[in-house]
1. When you go through (1) part of a loop (DSSP other than H, G, I, E, B); (2) within 16 Å of the ligand (Cβ to nearest atom); (3) over 19 Å from the mean Cα position of the chain (by Cα) one by one for Lys49, which number turns out not to apply?
2. Would you confirm, using the coordinates I've provided, whether Asp211 is open to solvent by less than 60 Å² (accessible area, probe 1.4 Å), free of Cβ contacts under 8 Å to residues at least 40 places away in the same chain and of a type in the set (D, E, K, R)?
3. So, in region 7-32, exactly how many residues are in contact (Cβ under 8 Å) with a residue 40 or more places away in the chain and over 12 Å from Lys68 (Cα atoms)?
4. Which count do you get for residues in region 121-145 that are open to solvent by 50 Å² or more (accessible area, probe 1.4 Å) and within 7 Å of the ligand (Cβ to nearest atom)?
5. For residues in region 208-230 being of a type outside the set (Asp, Glu) and touching a strand residue (DSSP E or B) at 6+ places or on another chain (Cβ under 7 Å), which is nearest to the ligand (Cβ to nearest atom)?
6. Got a number for residues in region 171-188 being in contact (Cβ under 8 Å) with a residue 24 or more places away in the chain, surrounded by fewer than 21 Cβ atoms within 10 Å (Cβ to Cβ) and either under 17 Å from the mean Cα position of the chain (by Cα) or within 15 Å of the ligand (Cβ to nearest atom) (or both)?
7. From the list Leu28, Leu36, Leu87, pick out the single residue that is over 20 Å from Asn131 (Cα atoms), assigned to a helix (DSSP H, G or I) and of a type in the set (A, V, I, L, M, F, W, C).
8. Scan region 73-85 and tell me whether some residue there is within 20 Å of the chain's Cα centre (by Cα), without any contact (Cβ under 8 Å) to a residue 60 or more places away in the chain and open to solvent by less than 20 Å² (accessible area, probe 1.4 Å).
Amino acid sequence: MNVTVIGAGTMGRGIAQVFAQVGNEVVLTDVYQKALETAANEIQKSLGKLHSKGAITEAPELVYGRIKFTEDLSLGRDADIFIEAVLEKLEIKEALYKQLNEIAGENSIIASNTSSISINALSAAIKKPENFLGLHFFNPVPIMKLVEIIKGVRTSASVVEKAIEITRQLGKEPVTSQDFPGFISNRILMPLIREAILALEEGVSSREDIDKTLKLGMNHPMGPLELADFIGLDVVQDIMAVLYEEFGDPRFKPPVTLRNLVNARKLGRKSGEGFYKY
Ligand code: CAA
């Protein structure tokens with residue numbers, strides 16, 4: 001299968017990598033050359049790690065060799081599936097979809113990795129909305145087993161079936177969701193993170209003990225504050241803001257502490273500081 005991934009950030013490069021790992025030819029494209037260079041380095045590092053612990057048996061260079069890194073989207077025109085993983089801004093996605101409408105084949109699937117924008121809203125910019133759906137991966141993509149599949153009102157049943165099959169070919173497990181704000185994952189995760197931040201704000205306990213409670217008491221691999229830092233506090237705030245607006249329910253309202261950290265550009269791991277220092 002030919003796969004084109006648009007957006008070479010953390011999610012896009014992870015998605016490109018897992019498709020290449022199971023034998024697909026992948027075009028990874030981005031408007032920034034620097035993002036492509038970073039992606040190439042990170043994919044090589046990740047493949048090396050996976051190979052050294054036996055999680056992939058094929059030589060990392062062979063897997064890497066199946067990924068073409070390019071700024072030229074038209075080189076990916078022959079894709080059976082396009083996966084969009086660009087910034088979570090409606091205007092940016094719509095502008096990209098205009099280009100995809102020109103180059104995508106009649107039967108190509110177009111999927112968005114959006115974590116919070118409505119698939120139905122996005123589908124309005126797609127020429128063949130029956131071939132469009134949400135495919136939501138989780139970070140780090142090479143490790144996380146889940147793919148959330150989001151069906152829009154106009155997505156055809158056969159495209160959903162195909163997406164389920166593709167997910168299984170990647171060695172991942174699908175779950176399907178209707179197009180409700182936050183789908184399944186973020187509808188449940190965001191209130192958890194929010195409540196942990198409120199517990200911290202209200203002085204219930206320290207950040208370490210709040211995280212330790214979920215890690216050791218509920219077997220979560222990371223506590224909610226640590227996880228928020230890992231996702232990126234700006235991303236968490238943006239997702240909460242969308243959910244708050246869509247549901248109009250205070251259970252999704254971004255807490256003041258989160259806003260203050262984001263405004264101070266303390267964005268979590270990626271900026272060196274968030275709830276914790278790195
Ligand atoms: N590529 C290859 N291997 C990787 C990797 C990558 N990108 N990232 C981590 N690993 C490997 C490490 O090499 C390590 O391998 P070994 O166990 O063989 O040594 C293994 O994964 C575990 O990594 P670490 O030892 O560094 O640390 P850890 O045990 O704490 O695990 C973690 C790291 C996998 C990230 C784990 O903490 C975890 O699962 N955290 C929760 C992650 C999560 O919830 N992600 C979803 C976020 S929400 C989202 O993405 C969607 C959204 O819409 C917001």
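1. (1)
2. yes
3. Qualifying residue count for the region: 13.
4. 3
5. The selected residue is Phe230.
6. The initial filter retains those residues of region 171-188 that are in contact (Cβ under 8 Å) with a residue 24 or more places away in the chain, namely 171-179, 181-187.
Restricting the remaining residues to those that are surrounded by fewer than 21 Cβ atoms within 10 Å (Cβ to Cβ) gives 171-179, 181, 184-185, 187.
Among the residues that remain, those that are also either under 17 Å from the mean Cα position of the chain (by Cα) or within 15 Å of the ligand (Cβ to nearest atom) (or both) are: 171-177, 179, 181, 184-185, 187.
Qualifying residue count, region 171-188: 12.
7. Answer to the selection: Leu36.
8. no
The values are calculated or read from the model by the stated rules, or taken from the named source; none is laboratory data. Worth saying up front: this structure is predicted, and the values here are computed from it rather than measured. Glycine also receives a Cβ, built like all others from the backbone with ideal geometry; neighbour counts cover every protein chain displayed. Side chains included, ligands, DNA and RNA excluded: accessible areas come from the protein's heavy atoms. Shrake-Rupley method; radii C 1.70, N 1.55, O 1.52, S 1.80 Å.
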